[in-house]
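> Structure below; questions to follow.
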Amino acid sequence: MIDTFSDYTRERYEPLELEFITATKKSLSDDLPTIKSRTLTAWRQALSEACDVQRDKKISCAYMSVSFLNTSVAHPILQIDFYDRQWVFGEPFSRSRMNAEFLLTHWKKFTTDALDDKFFVRSKITRVEIKSLFWRTLDKVTFLFTCYAKYFVSDLKSSPEFAALVKAEKFYVTCGTYLDWQNRLCAVLPEIDLTNPDANEDTTFRNFVGKIYRQQNFASLNLRGCYFEDCLFHDCTFTNLNFADAHFLHCRFYLSHFKSVKLAGANFIECKFRDCAFENSSSAPKDVDDDEYFAPLRLTRCKIFCVQCDGCDFNQLTKTDCDVINND
């Protein structure tokens with residue numbers, strides 16, 4: 001029998017929590033198409049309602065914030081808030097909610113097992129102490145959901161409701177805990193010069209459309225979550241770049257060299273690679289963040305000609321309907 005709270009946390013609670021998080025991750029993965037469809041339907045409806053408010057109030061939107069309400073454990077809720085530039089310093093101008101029971105499918109079993117007094121001395125450890133640990137577990141569940149939700153936003157961004165929203169100069173979609181931490185899912189930000197960004201400039205979640213880059217050396221840039229469409233990279237070098245969760249659509253890479261590039265969660269759709277080389281690059285999530293979930297590196301309907309790989313870890317890779325010719 002466990003008779004101290006610290007021992008209980010280490011010996012009983014943490015193994016149960018890991019089992020719960022693992023089971024939740026499996027449920028989210030197994031049911032992802034359904035969860036994605038339901039979530040996008042709710043978010044698009046929330047966007048539509050926010051657009052209706054904007055027409056009346058003539059207000060722009062700087063933040064779309066999706067939050068899990070820790071107080072909603074009995075009936076799990078995700079709240080979608082739309083803020084002007086004030087964000088948490090003001091009230092949202094539009095608010096919607098959606099059912100999120102899919103996040104806590106295994107919650108009842110987990111909490112029942114955690115409170116089972118066959119494993120601890122009740123006179124030494126109280127149920128209140130144990131329940132105080134539940135909040136950190138809910139944070140982990142919310143963080144896990146943000147890891148999946150970041151792959152919903154490309155579909156959200158292509159929706160008419162997203163296009164109709166009047167956005168501030170800097171607009172962010174975030175997900176996390178209400179009035180607490182939030183992870184960025186996507187953004188619509190002013191254009192920057194990728195070849196010569198300002199010192200200390202945030203280069204993540206930027207959009208690049210129709211850009212042509214020739215004989216450029218891109219080095220030590222964090223391009224996580226960036227969106228590239230109809231871009232040409234000819235005789236370019238990418239060194240020590242973070243392309244985690246970056247999205248490439250109809251892009252062309254010719255005679256280009258990728259050195260020590262992180263590609264976990266990156267998505268290439270209908271892109272072309274010709275006479276390129278990858279060196280010491282990786283699609284492994286651990287090379288970005290051990291605690292975060294990343295989808296496999298995905299190549300869909302891409303044409304890949306004469307591409308060499310040396311010292312790369314591309315075990316996390318899925319190819320769909322790709323043409324691959326003379327590659328090493």
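> Give ASN217, ASN196, ASN222 a once-over and let me know the one that is more than 18 Å from VAL307 (Cβ to Cβ) and touching an Asp or Glu at 6+ places or on another chain (Cβ under 9 Å).
Within the list ASN217, ASN196, ASN222, the selection yields ASN222.
> From PHE233, PHE258, PHE238, PHE228, which residue is under 19 Å from the mean Cα position of the chain (by Cα) and in a strand (DSSP E or B)?
Exactly one of PHE233, PHE258, PHE238, PHE228 is under 19 Å from the mean Cα position of the chain (by Cα) and in a strand (DSSP E or B), namely PHE228.
> Specify which of the listed residues (LEU156, LEU179, LEU138) is in contact with a helix residue (DSSP H, G or I) (Cβ under 8 Å, 6 or more places away or on another chain), among the aliphatic types (A, V, I, L, M) and surrounded by fewer than 18 Cβ atoms within 10 Å (Cβ to Cβ).
LEU179
> Then there is this: Mind checking whether some residue in segment 260-274 is at negative phi, in contact with a Cys (Cβ under 9 Å, 6 or more places away or on another chain) and of a type in the set (Lys, Arg)?
yes
> List the pairs whose first member sits in segment 180-199 and is more than 14 Å from PHE228 (Cα to Cα), whose second member is assigned to a loop (DSSP other than H, G, I, E, B) and hydroxyl-bearing (Ser, Thr, Tyr), and whose Cβ atoms are under 7 Å apart, counting only residues at least 6 apart or on separate chains?
PRO197/THR203
> Hey, among the residues in segment 103-123 that are of a type outside the set (Lys, Arg) and within 28 Å of the chain's Cα centre (by Cα), which one's nearest to LYS36 (Cα to Cα)?
Taking the candidates together, the pick is LEU103.
> Looking at ALA187, ALA168, ALA163 in this structure, which one is surrounded by fewer than 18 Cβ atoms within 10 Å (Cβ to Cβ), small (Gly, Ala, Ser) and assigned to a strand (DSSP E or B)?
After ruling out the rest, the residue left standing is ALA168.
> Among the candidates ARG214, ARG224, ARG206, which residue alone is of a type outside the set (A, V, I, L, M, F, W, C), in the same structural domain as CYS236 (by TED's automatic domain parsing), over 19 Å from ALA62 (Cα atoms) and surrounded by 18 or more Cβ atoms within 10 Å (Cβ to Cβ)?
Selected residue: ARG224, the only one of ARG214, ARG224, ARG206 that is of a type outside the set (A, V, I, L, M, F, W, C), in the same structural domain as CYS236 (by TED's automatic domain parsing), over 19 Å from ALA62 (Cα atoms) and surrounded by 18 or more Cβ atoms within 10 Å (Cβ to Cβ).
> So CYS175 passes all but one of these: (1) within 13 Å of the chain's Cα centre (by Cα); (2) outside any strand (DSSP E or B). Which condition number does it fail?
That leaves (2) as the condition not met.
> For segment 10-65: of the residues being of a type in the set (Phe, Trp, Tyr) and under 26 Å from ASP113 (Cβ atoms), which is farthest from the chain's Cα centre (by Cα)?
The residue in question is TYR13.
> Now, a different point. Can you confirm whether SER48 is part of a helix (DSSP H, G or I), surrounded by fewer than 20 Cβ atoms within 10 Å (Cβ to Cβ) and not aromatic (Phe, Trp, Tyr)?
yes
> Can you pull out the residues in segment 112-133 that are without any contact (Cβ under 8 Å) to a residue 60 or more places away in the chain and in contact with a helix residue (DSSP H, G or I) (Cβ under 7 Å, 6 or more places away or on another chain)?
The answer is LEU115, and nothing else.
> What is the one condition in (1) surrounded by fewer than 16 Cβ atoms within 10 Å (Cβ to Cβ); (2) farther than 18 Å from VAL141 by Cβ; (3) at pLDDT 95 or above that ARG38 does not satisfy?
So the condition that ARG38 fails would be (2).
The values are calculated or read from the model by the stated rules, or taken from the named source; none is laboratory data. For clarity, every value in this text was computed on a predicted model and none was experimentally measured. Methodologically, a virtual Cβ is constructed for each residue, glycine included, from the backbone with ideal geometry; neighbour enumeration extends over all protein chains shown.
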